[in-house]
Each structure stands twice: as structure tokens, then as C-alpha cells.
1. Provide the FRET efficiency to the nearest 0.05 for the I24-E46 pair, computing r from the beta carbons and using R0 = 22 Å.
2. Two decimals, Cα atoms only, Kirkwood Rh: what is Rg/Rh over region 173-238?
3. Assuming 0.36 nm per residue, please report the length gained on full extension of the stretch T33 to E193 beyond their Cα-Cα distance.
4. With a 1.4 Å probe and every protein chain kept in, tell me what percent of the accessible surface of region 143-218 is carbon plus sulfur.
5. Using the heavy atoms of the protein chains alone and a 1.4 angstrom probe, what is the accessible area of region 144-204 per residue in square angstrom?
6. For region 48-89, give the percent of accessible area contributed by carbon and sulfur heavy atoms, probe 1.4 Å, rounded to a whole number.
7. If r is the Cβ-Cβ distance from T3 to R75 and R0 is 30 Å, what FRET efficiency results, to the nearest 0.05?
Amino acid sequence: MMTISEVATLTGVSQRTLHYYDEIGLLPPTQTTDAGYRLYDDAALERLQHILLFKELGFPLRDIRSLLDDPAFDRTSALEQHLKLLMLRKQHLENLIDLTRGLCTVGTNHLDFSAFDHRSIDEYAAEARATYGKTAAYKEYEQRFLSRSEDDQSAASQEFMALLGRFGTHLGEAPDSPEVQALVGQLQGFITEHFYTCTDQILASFANLYDGGGRFTQSIDKAGGPGTAALAAQAIRCYTRDI
């Protein structure tokens, strides 16, 4: 058993934060002594490690609690996702290091902005947030998509964005129109064919990503024109409203 002070020293998480995690039910101590001292065992420390890793993925604390308390929580799958994200960030840092070294050699007149491209990290993190908890779906994604060659992955991703861009040809139409709803069905079928089985629940989770104003919104609007992402999101909500 470790005291809260020892846990704070070991992990770098302040005692105040650990108190807060206890208050919201995210990380209760394993035992509280008669004198009121909080004690933590190895299982609690492992839970804290998952909490910190999920925070790196951008999960809010309330969602982290729900995930860790879910009986279906898969520790191995979670760690695999964390590892993937960390490897992407590692590559991003290496690109920045190479760029800085190059600038030291050739000077600032050499313009190269590729090292600042966060898209792979942002898109993976968003995908993980959207699909986490659907363990079978994520494993299927790993087996079917991530195991392919980079060229095949790129081709599938480009076709996927082209399909999303087709929503732009229906701008001005109602999101629940037959034509737009048929396109949502095609989108769901494409994801199932090329990535993982896209249930209505998974499909519904994409709506907030598509019109959330981030990288996905920008990419979809670039493919189909301004307003395309919003239409796609609205159409998905209409398609999945009864789930």
C-alpha cells in the first residue's frame, strides 16, 4: 500500500488532483485508515495509469470513469490504442527535430511545413474516441485495415473522403431526403466493407466528429464544399435517430 503522498511523488499527479479523482469516483483509494489517510494498492495505481493514458487521448474525465467501470473494458486493446497514438506523436517529434536540424544547416529561407502536420495524430485520436468501447470493431479495424499496405490504406482513405465529398452535391437538400439518406447507407456500407462492421451506434457517433469544427469538418468541406460536413452529420442523425 502507498500513501497519497507517495503516489503523488511516484506519478507526478498532485495530491489535490488525487483528492478530486476520489471525490468524483474516478479513483477512490483502496483503503482509508481510521485516521483518514488514503492508501492505494497496485490495482489502484494501474487504474491511475489508464486514467493518465486516456487523458492523453483527449477523453473527458466522466468518459474515462465510464470506460474503466465498464465490465467489458479490454486492457490489452486500450494499451494497443495508446501505443499507436504515442508512436504517431514520436514520429511527429522526429519530423520536427529533422526540420530544426535542417534549418540550422540551410537557414530559415528553406521553407518546409510538413513537420507541423498533425492530421495523422488528430484523425487517429478522433477515431479512437469515436469507436472506443466497441472492442470487436476496433480489433476488426486493426485486422482488416491497419494490416494492409500503406498504398491500400491510402486508396481506401481517398475513396472514403470522395464518398463523403458527394454529400456536397446535395447541399440545399433536406438531410432526410431519400437521396441523401441513400448516401448515408452507402457510407455505412463502405465503412463495413473496408474498415470494420459499422453498426448504427458507431455510425451515429461520427455525426459529432463531422460537424465538430475540427480536422474532420475541414477535410469533408474541402472534399465537397463548405457545409458538406454539416449536411453529412445531420443526415447521419436522421438515419440513426431511432437507435
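The values are calculated or read from the model by the stated rules, or taken from the named source; none is laboratory data. Keep in mind that this is a model prediction, so the values were computed, not measured. In this analysis, Cβ positions are derived from the backbone assuming ideal geometry, glycine residues included, and neighbour counts consider all displayed protein chains. The area values use the complete protein model at the heavy-atom level, side chains included, leaving out ligands, DNA and RNA. Shrake-Rupley method; radii C 1.70, N 1.55, O 1.52, S 1.80 Å.
1. 0.70
2. 0.95
3. Length gained, T33 through E193: 52.1 nm.
4. Carbon plus sulfur share of accessible area: 49 percent.
5. 50 Å²
6. Ligands and nucleic acids excluded, carbon and sulfur reach 54 percent.
7. 0.70
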